[in-house]
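What follows draws every value from the coordinates through simple rules; no lab data is involved. What you see is a predicted model, and the numbers here were worked out from it, not measured in a lab. Please note: Cβ atoms are built from the backbone with ideal geometry, for glycine as well, and neighbour counts cover all protein chains shown.
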Amino acid sequence: MSNAAASLHRAYAPNNAVAIGIFIAFVALTIGITVWAARRKSSLGFFYTAGGGITALQNGLAIAGDYMSASSFLGVSSLIYTFGYDGLLYVVGTIAGWPIVMFLLAERLRNLGRYNAADVVSYRLGRAPTRVVSAIGSLVVVSIYLVGQMVGAGQLITLLFGLKYQVAVVLMGVLMTTYVIFGGMLATTWVQIIKAVLLLGGASFMAGAVLSQFGWNPLALFAKAVEVHPKHAAIMAPGAFVSDPVNTISLGLALMFGTAGLPHILMRFFTVKDASAARKSVFYATGLIGYFYILTFIIGFGAIVLVGTNPEYATAWNGSFTTAAGLKGGGNMPAIHLANAIGGAPLFGFISAVAFATILAVVSGLTLSGASAISHDLYASVLRRGKISDGSEVRVSKIATICLGVLAIVLGVVFEKVNVAFMVGLAFAIAASANFPVLLLSMYWRGLTTKGAMVGGWLGLVVAFGLTVLSPSIWHDVLGNPVAIFKYNAPALFSMPLAFVACWVVSLLDRSAQGRAEAARFETQYIRAQTGIGAEGASAH
Amino acid sequence: MSNGAFGRNLGASVKRLEGRVDQAEVERICADPVFERVTKSRSVWRWSLTAAMLTIYFGYVLAIAYDPILVIGRKATPDAHLLIVPLLMIFAPVALTGLYVFKANASFDGLAASMVKRES
């Protein structure tokens, strides 16, 4: 355990009982749900999509839950704590992607696909090559996102519960694998819904408690924050992001279109009964996420006033204000300390447990979507050419889940020192560059051929990844080279248009009979996408 | 799916079409005036709202990146009123998705249902 962790653990040792108690209650409840879900009939559709029986509101909560990861709660409140206004720019970018998901994807995905987005891409294109590129794109995004979440969870548990990092990561891996294997999508969805309600409830209470200290007047809170923050009035205006416009725009693109390529989010549109419910669930999710970010915003400014000026939370008190890095437990702690500052041990315990539950729910959804890429796309559709019984596909997906659980634990331990926010940014960039262009064009452009989709998808994946390796944050900071070959940290501005252009040019040059046949199938796909007739319905359960 | 007799017929047509491309069948469905109206109207809404979101978001990001005066104003010390802009930026996606759901529930779904009813 690091010094910061040890000091935090000492500081909060008497309070840990509450956190541990609430967390154990959460685990007991979710295991109970998993047992309940496991007793329902165990078909393939049930495993991947909960039989299509989730309502729009439930799905909206689950989507919001998938999106409200620990990095958006702890990370964003910490960004606001440090930068004020600039922290909000990140929030604005992530929420701006949701209308795109609704207008362009949600309804058509539900009408065309069965279990995941690769079903949609391979609807009229060559099965094997498009399944492979979709599955690999999904697996890369899932793995990177998973590592980010595992590392974040490990660090958090180490800090809050005093467990060893490795123990914490193994605990996460075992719990998420249990939910997915025994409860499939139904249990994963309910874990996510419960966590979303807990997180929204906890954050609402915290924001309310902060505002109540300022006579329910947000302007009084902001005035006090400006007074105590070392940057003073600068926290009320954009600052750091102005310095590099290209990087800002590139990050904005990745945040906006990455959402539309995240496999664990896209998979949720197959859990509702029809396109109308898919569309409504995005509206609920967007509203909930917007509300959550407004709470985070108040929490961030509340922490400036109530945590930054309190010597109790500083590793070394400088007499005026503690920066995020100088807080006990490190840079991600403003929201956690704020819970203690306003609600003492019970609220601190509650928020800590909720933060842990948040990560657990997110990694479960990620694992399930990764498992479907392995079992449904790579194994059942490509290797066995669709000639496989539902029962054996379920078996393969459970084996895949265990493998992903082990992989997540190993990667979580290996990448202990990785920057969590960076991993999440990379996952978004790849999702926007590899998954999104192929998915969008397959549904909207009749001219897209298998060759075009393959070249575009692989190029987006390789270029987004390659540019990240050559960027300052890896080439310079991690690999220790003097100057980065690619000067921006965010690759999407270059890799995403490149993927679109490659899909387009290669499809135009593709004069094969196969390409013509694929274009000819577009109208049939179009009719089904528009009407939903022929779409997979909800199975009774 | 419970789209009535028409739904079943069209469903069967689509299933047949998935096997071999029957141009006449495709053209018959695509030429249906209600189908045309629903798809066209939905397409106009979908792309206009997408364009609106992209304009709002990238307009904001570009303003911050290249001409912060547009966002900050000319005041010497920024104050809390500037936070209204990012708050509106959080509200805009909620409003736009709400608008699309309202329009789709009120119009597209009804038109599609009327098409099903008329044909059955």
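Remark: the range A:365-370, residue by residue, has Karplus-estimated 3J(HN,Hα) of x, 4, 5, 4, 5, x Hz, where x stands for each Gly or Pro and the curve is 6.51 cos²θ - 1.76 cosθ + 1.60 at θ = phi - 60°.
Across the range B:33-119, the mean sequence separation of Cα contacts (distance under 8 Å, 6 or more residues apart), normalised by length, yields a relative contact order of 50 percent.
The phi-based Karplus calculation (6.51 cos²θ - 1.76 cosθ + 1.60; θ = phi - 60°) puts the 3J(HN,Hα) values of the range A:20-35 at 5, x, 5, 5, 5, 4, 4, 5, 4, 4, 5, 5, x, 5, 5, 4 Hz, whole numbers, x for Gly and Pro. Note on the range B:33-119: Kirkwood hydrodynamic radius from all Cα pairs is 15.7 Å, rounded to one decimal. Extension gain, A:V246 to A:R384: 0.36 nm times the residue separation minus the Cα-Cα distance gives 45.1 nm. Each Lys or Arg adds one and each Asp or Glu takes one away; over the other residues whose Cβ falls under 14 Å from the Cβ of A:M443, this sums to +4. Excluding A:T188 itself, calculate the net charge of residues whose Cβ lies under 15 Å from the Cβ of A:T188, where each Lys or Arg counts +1 and each Asp or Glu counts -1. Local net charge: +3. If R0 equals 51 Å, the separation of the Cβ atoms of A:Q514 and B:D67 corresponds to a calculated FRET efficiency of about 0.55. With the Cα gyration tensor of the range A:398-541 giving a ≥ b ≥ c as the square roots of its eigenvalues, does the rule (a/c under 1.5 for rounded; else a/b larger than b/c for prolate; else oblate) give rounded, prolate or oblate? In terms of gyration-tensor shape, oblate. In order along the range A:122-139, the Karplus-derived 3J(HN,Hα) couplings, from 6.51 cos²θ - 1.76 cosθ + 1.60 at θ = phi - 60°, round to 8, 4, 10, 9, x, 4, 4, x, 6, 4, 5, 5, 5, 5, 5, x, 5, 5 Hz, and Gly and Pro are given as x.
Residues with beta-carbon under 11 Å from that of A:L306, excluding A:L306: net charge, scoring Lys, Arg +1 and Asp, Glu -1? Overall, the nearby charge balance is 0.
Cβ crowding within 10 Å, taken as a proxy for footprinting-reagent exposure, orders A:D66, A:D274, B:D109 from fewest neighbours to most as B:D109, A:D274, A:D66. Just to confirm the number: angle between the C-alpha axis of helix A:245-258 and the first principal axis of chain A, 0 to 90 degrees, nearest 10? That helix lies at roughly 60 degrees to the long axis. For chain A, the longest principal axis of the C-alpha atoms and the axis of helix A:85-100 are separated by about 20°. Which part of the range A:80-111 falls in the paramagnetic zone of B:L54, meaning amide N under 13 Å from the point 7 Å along Cα-to-beta-carbon? Within reach of a label on B:L54, which here means backbone N under 13 Å from a point 7 Å along Cα→Cβ, the range A:80-111 contributes A:100-101, A:104. A cut-off of 5 Å between modelled amide H atoms, ignoring neighbours fewer than 5 places along the same chain, links A:G126 with A:T450.
Projected label points at A:V469 and A:V406, each 7 Å from Cα along the beta carbon direction, are separated by 2.6 nanometres.
For A:K417, a cut-off of 19 angstrom between C-alpha atoms picks up these aspartates and glutamates, skipping any fewer than 8 places away in its own chain: A:D477. As a proxy for reagent exposure, ranking B:R42, A:R446 by other Cβ atoms within 10 Å from fewest up yields A:R446, B:R42. Ordering A:G456, B:V38, B:F102 by Cα displacement along the dipole of the protein assembly as shown toward the positive end leaves B:V38 in first place; charges were set at the Cβ atoms of Lys, Arg (+1) and Asp, Glu (-1). The magnitude of the dipole of the protein assembly as shown, with charges of +1 and -1 set on the Cβ of Lys/Arg and Asp/Glu and taken from the Cα centre, is near 1460 debye. Taking a ≥ b ≥ c as the square roots of the eigenvalues of the Cα gyration tensor, chain A is prolate, since a/c reaches 1.5 or more and a/b is larger than b/c. Ranking A:M267, A:F500, A:A380 by how far each Cα lies toward the positive end of the dipole of chain A (charges on Cβ) leaves A:A380 at the top.
Only aspartates and glutamates eight or more places from A:K451 in sequence, or on another chain, were considered; those with a Cα closer than 13 Å are A:D510, A:E518. Between the listed residues A:L186, A:V76, A:M256, the Cα displaced farthest toward the positive end of the dipole of the protein assembly as shown, a dipole computed from Cβ unit charges relative to the Cα centre, is found at A:L186. Under the criterion of Cα pairs below 8 Å and six or more residues apart, the relative contact order for chain A equals 30 percent.
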